[in-house]
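The values are calculated or read from the model by the stated rules, or taken from the named source; none is laboratory data. Note that the structure is predicted; figures quoted are calculated from it, not measured. All Cβ positions, even for glycine, are placed from backbone atoms using ideal geometry, and neighbour counts span all protein chains on display.
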Amino acid sequence: MMEGSGDNGSLKKSSVIIGRQPVIEAIESGRPIDKILFQSNVTGDVIGKIRQLAKENNIPIQVVPAEKLNSYTRANHQGCIALAALIRYMDLQQVIDHVISSGTVPLFVMLDGITDVRNIGGIARTALCCGAQAIIIPDKGVGALNEEAVKSSAGALEKIQVCRVGSLLKAIDDLHLNGIKVYVSEMHKSKKLHEMNFKEPSCIVMG
């Protein structure tokens, strides 16, 4: 069984990972990371390694003033902290492979430009009720999957798989390569998501 199947391994409590080496160890251990914050103008080989690891794992990076980091901790943060994620992000291809191998017709929902966390929670709730196995989000340009989003989802974000990708366009290409058709939702169409009958592998883009 794929790790997180039926439950994405959500963390019960978010936390701050302080310092360069602890951030590296957290990423390399597979701990889910929401984003990494760098103090302005920090440089060096270790910072470069963190940037590379973040790129490989689709973890967003923000460059912020020192005051921003100091608001998270009084400890010596070395110009770098990471915010642990509330949920465990899954690899898109692994989710596709798992769903197909289980004999289930893939039904995914992709979020594009949705920044209101309550809307994200509502979409997750509807997607789960409609039988969707996964939600696909970009690493930038979408609202944070924070406590409010999880609460708004009524627990759906703790049950449905969430795949974070570096590029939605590449994700769409990957879906096509796996025989999954991609549809774009429109506000003024007559049918709602729960009224659709998806007999073929499908992904609905919402945003």
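Output the qualifying pairs, or none if there are none: Cβ atoms under 9 angstrom, residues six or more apart or on different chains, first residue in segment 160-172 and in the same structural domain as Q133 (by TED's automatic domain parsing), second residue among the basic types (K, R) and surrounded by fewer than 23 Cβ atoms within 10 Å (Cβ to Cβ).
V162/R88; G166/K55; G166/K140
Considering (1) of a type in the set (A, V, I, L, M, F, W, C); (2) in contact with a strand residue (DSSP E or B) (Cβ under 6 Å, 6 or more places away or on another chain); (3) in contact (Cβ under 8 Å) with a residue 60 or more places away in the chain, say which one V64 fails and leave the rest.
(3)
Restricting attention to segment 89-98, does a residue exist that is of a type in the set (S, T, N, Q) and free of Cβ contacts under 8 Å to residues at least 40 places away in the same chain?
No, that holds for no residue.
Take I136 and decide whether it is under 13 Å from the mean Cα position of the chain (by Cα), crowded, with 17+ Cβ neighbours inside 10 Å and among the β-branched types (V, I, T).
Taking the combined requirement at face value, the residue satisfies it.
Of all the residues that make up segment 99-118, how many are touching a strand residue (DSSP E or B) at 6+ places or on another chain (Cβ under 9 Å) and either free of Cβ contacts under 8 Å to residues at least 60 places away in the same chain or among the small types (G, A, S) (or both)?
Looking only at that region, the number is 2.
State whether the residues of segment 119-127 include one that is part of a loop (DSSP other than H, G, I, E, B) and surrounded by fewer than 20 Cβ atoms within 10 Å (Cβ to Cβ).
no
Need the failing condition index for H77 against (1) in the same structural domain as G179 (by TED's automatic domain parsing); (2) surrounded by 15 or more Cβ atoms within 10 Å (Cβ to Cβ), just the number.
It is condition (1) that H77 fails.
Looking at N119, N178, N146, can you tell me which residue is in contact with a Gly (Cβ under 8 Å, 6 or more places away or on another chain) and among the polar types (S, T, N, Q)?
N119
Could you please give the count of residues in segment 137-154 that are among the basic types (K, R) and more than 12 Å from P60 (Cα to Cα)?
Applying the first criterion (among the basic types (K, R)) to segment 137-154 yields 140, 151.
Next, from what is left, pick out any that are more than 12 Å from P60 (Cα to Cα): 151.
Residues that pass the stated criteria total 1.
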